[in-house]
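Read through the structure below, which is laid out as structure tokens, and then see the notes.
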Amino acid sequence: MFYRRLPILMFIGLVLLIIGCSTSSVTAIQVSPTTATAAVGQTAQFTATATYTQGTHPGSSQNATDSATWSSSNPSVATINSSGMATAVAAGTTVITATINGYPGIVSATAEFTVTGSAGGFTGVSIVSISVIPGSQSVSSPNQTSQFIAIGTTSSGATVDLTGQVAWSSSSTQIATIGATSGLATAVGQGTATITALYTNSTGGTAATGTATFTVVGGTTEQFTAVSITPGSLALSASGQTSQLIALGTSGSSGLLLDVTASVQMQWSSSIPSIASVNASGLVKGLSAGTSTITALLTNPDGSVVSNTATVAVSLTAAPEPLLSLTIIPSSITVLNLQDTGNFLAVGTFSSPPYTRDLTDSVTWLSSAPDVFPVNSNNSPVEPVGAAAGVVTAYGSGGATIIAEATANDGSIQTATAQFNCPLVLPNPNGNPPTPGSCYPGSQAPALKATITVYNEGLNTTNWEITAPSATGTPDVIHCGPGWTLNGGTGGSVCAAPYPIGTTVTLTAPSTGAAFGGWSDNCTATAPVTAAGPNSCTVTISPSNPNVTVGAIFN
């Protein structure tokens, strides 16, 4: 009977052998990286690669990260999920293991994961790349906001939230602004701006950047809200003496000042052209004795207008030595780093010898952006000519119009302009070394002014409120939260205000019925915090910490 069954048994064995030979089996597995380091709160991605040595493709390898079973020998140090992503929990070392069903049984491989203290620093590693999340965002109209998050990847493969540690910037503040340390973007005008997150490693000076786009679909381009004229009054001779007026437009909520003197949107006019005429470039000419008003009319794209005036007094007395013109040399200066300086010279042309004279120390110097690009005036007779006056310092990126204003012996005023620039040039993302010319925020020098940003860290959305005065005592410059009802107003969910460096600001959470839970660490409570309030705290704007974000908890 056995021999009669033998062919059947041999056939079954042959079939099993064929099946076994045609099915690939995992005989080895490798985990990479074999060692990784991260700080508490950071993550690291591990990958499993399986090797197949039987079947139709012996010796082949395949990514088995999602099919492997992952474990941590010490979950109190680090945990790991089913996709091989490990999360650092506490300082220490743990062994990460990946296992998979193979041939002739279970196969496994390990890696060592070391957790080093808190996420405040990256010991032995550096940030090599930045991802900004979301990569693109759009809002429908101005004043709407969007929160961007910066995720950094370290040289060890760990990821960390760097939102509050990067320098945020917007390619166009007329389209969108963004909190320098918060990553909160606010729509200003229609268009698309590039949002940049910049992180500079403490060791080696290398930097990493990430970008995203922020689109404002509705609204219009930022409008001019005011226009100013420099100088505000002129005294000319009726002999045809001329003087140049400069018009500076204030651009929307950003407060940027732009030279619009010869803009196609500008219209100059004289109330009495027979006394004083003015051309399309703001050049005024005295013709006969009397007084005339010069008007600068600036028209916005939406048809709205802003205007201002200057007064011209024309006399019959000829100037004994009129200043015919004023020129700034050079016409433009570009610096490449924050706190770099450039020196302009003012040269006047007169009607009698010497016809050209250096007026650098005797003119009044003005800047269209004095908080970012201040310019020195030095009218002291003891200083050497050109030594200190006309010096502009860069405390931010962008540019400014520099104005020199000279008063001649006859009382007439001449003006001239030049341009000072500190362009925003981001470092080389690979950082070996950073690209020279780095006028990005925080690269070298603190700004002359700083910003306090306030928001609610709690869950209350109905009646919380935070207020703060200006540096000069004007009340309620900051008025944040839905509890703000003065004059029928409503505060936003995030509020910000500028303050000079060195200012101590008191923030107050009035009693509105909201349960108050406390302030963030960078704002020191002035009295024990109570749930009912009112509560207040103080924060000092220092050069080392110019932009402060204060969170308050309302539940």
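A few comments on the model shown:
Let's see how each residue does on (1) open to solvent by less than 60 Å² (accessible area, probe 1.4 Å); (2) touching a helix residue (DSSP H, G or I) at 6+ places or on another chain (Cβ under 7 Å); (3) over 11 Å from Val391 (Cα atoms):
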{"residue": "Thr334", "(1), (2), (3)": "no, no, yes"}
{"residue": "Thr341", "(1), (2), (3)": "no, no, no"}
{"residue": "Val347", "(1), (2), (3)": "yes, no, yes"}
{"residue": "Ser351", "(1), (2), (3)": "yes, no, yes"}
{"residue": "Arg357", "(1), (2), (3)": "yes, no, yes"}
{"residue": "Val363", "(1), (2), (3)": "yes, no, yes"}
{"residue": "Asp371", "(1), (2), (3)": "no, no, yes"}
{"residue": "Pro374", "(1), (2), (3)": "yes, no, no"}
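- Subset of the stretch 84-114 [open to solvent by 20 Å² or more (accessible area, probe 1.4 Å), under 41 Å from the mean Cα position of the chain (by Cα) and either in contact (Cβ under 8 Å) with a residue 24 or more places away in the chain or over 21 Å from Ala39 (Cα atoms) (or both)]: Met85, Thr87, Val89, Ala90, Ala91, Glu112, Thr114
- Among the residues of the stretch 510-522, just one is of a type in the set (A, V, I, L, M, F, W, C) and closer than 12 Å to Pro482 by Cα, namely Ala514.
- Within the stretch 244-312, strands (runs of 3 or more DSSP E) holding 1 or more residues that are aliphatic (A, V, I, L, M) and open to solvent by 40 Å² or more (accessible area, probe 1.4 Å): 256-259, 283-286, 290-299
- In the stretch 163-177, the residues that are under 16 Å from Thr451 (Cβ atoms) and open to solvent by 30 Å² or more (accessible area, probe 1.4 Å): Gly164, Thr173, Thr177
- In this entry, Gly551 is excluded by the filter for residues that are on the phi > 0 side of the Ramachandran plot, of a type outside the set (A, V, I, L, M) and either open to solvent by less than 40 Å² (accessible area, probe 1.4 Å) or not in a loop (DSSP other than H, G, I, E, B) (or both).
- Exclusive hit being modelled with pLDDT of 75 or more, open to solvent by 20 Å² or more (accessible area, probe 1.4 Å) and closer than 18 Å to Thr540 by Cβ, set Pro469, Pro482, Pro475: Pro469
- Of the residues making up the stretch 522-548, those that are at pLDDT below 80, among the polar types (S, T, N, Q) and either under 17 Å from Pro469 (Cα atoms) or open to solvent by less than 60 Å² (accessible area, probe 1.4 Å) (or both) are Ser542, Asn547.
- Taking the criterion of being part of a strand (DSSP E or B), at pLDDT 80 or above and closer than 21 Å to Asn522 by Cα, the residues of the stretch 150-199 that qualify are Ala167, Trp168, Ile178, Leu184.
The values are calculated or read from the model by the stated rules, or taken from the named source; none is laboratory data. Because the structure is a prediction, the values reported are computed rather than measured. All Cβ positions, even for glycine, are placed from backbone atoms using ideal geometry, and neighbour counts span all protein chains on display. Heads up: the accessible areas ignore ligands, DNA and RNA and are worked out on the full protein's heavy atoms, side chains in. Shrake-Rupley method; radii C 1.70, N 1.55, O 1.52, S 1.80 Å.
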